[in-house]
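Every number in this text was worked out from the coordinates using simple rules, so none of it is lab data. Because the structure is a prediction, the values reported are computed rather than measured. Every residue, glycine as well, gets a Cβ built from its backbone with ideal geometry; the counts of neighbours run over all protein chains shown.
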Amino acid sequence: MNTDWRAVGIGFIVILIGSVSSLALPVVGQLGAGFLGGIAAGYLAGGIGKGAWHGLLAGSISGILLSAGLALLGGLVGLVGGPLGGLVGGAGVFVVGVVFTLLFAIDSAIGGAIGGLFNR
C-alpha cells in the first residue's frame, strides 16, 4: 500500500487547527479534532483500509509532535525542580506522550475509515 503523504499532511493540519481552536473543551475538543483530521485524510486517500491507515498516520504524527512539546516542558520542570523534578518530569512526559499518541491515533483511524467510505 502506497502512502499518500499529502493526505496525511492535510489530516495533520486539520488536527492541529482543530486542536488549537478547541482548547475550551479540553478532552472532547482534541478527540473531535483527531476524528475530523482522520476523516479528511481518509477522504483524500479513498477506501476504508487506506483511509484508516492515513488517518492513523495523521493522528500518530500529531501525538508524537505533542509529546515532543511536552518533553521540552518536562525538561524545564527538571531544571527548576532539581533531581526529583527531573524524575517526575521525565516519567510524566513518557506516560502522557504514549496516552496522547494512542488517543489521537485511534480516533483518527476510525475517522479515516469513515472518510474513506465517502470517497471510493
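Tabulated results
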read-out: Helix-only mean residue ellipticity at 222 nm for the chain, each DSSP H run of n ≥ 4 adding -39500 (n - 2.57), per residue, nearest 500; value: -33000 deg cm²/dmol
read-out: Evaluated at q = 0.12, 0.23, 0.25 Å⁻¹: base-10 log I(q)/I(0), Debye formula over Cα of the range 1-68; value: -0.26, -0.85, -0.96
read-out: Charge sum, other residues only, whose C-beta stays under 15 Å from residue 11's C-beta, Lys/Arg counted +1 and Asp/Glu -1; value: 0
read-out: Calculated on alpha-carbon atoms, Rg and Dmax of the chain in Å; value: 15.8, 55
read-out: Ordering of 66-78, 50-62, 96-108 by packing [mean C-beta count within 10 Å, highest first]; value: 50-62, 96-108, 66-78
read-out: Span from the the range 101-120 Cα centroid across to the the range 26-69 one, whole angstrom; value: 6 Å
read-out: Amide hydrogen neighbours beyond the local backbone of residue 4, cut-off 5 Å, H modeled; value: none
read-out: Sum of side-chain charges, residue 51 neighbourhood, beta-carbon under 15 Å (Lys, Arg +1; Asp, Glu -1); value: +1
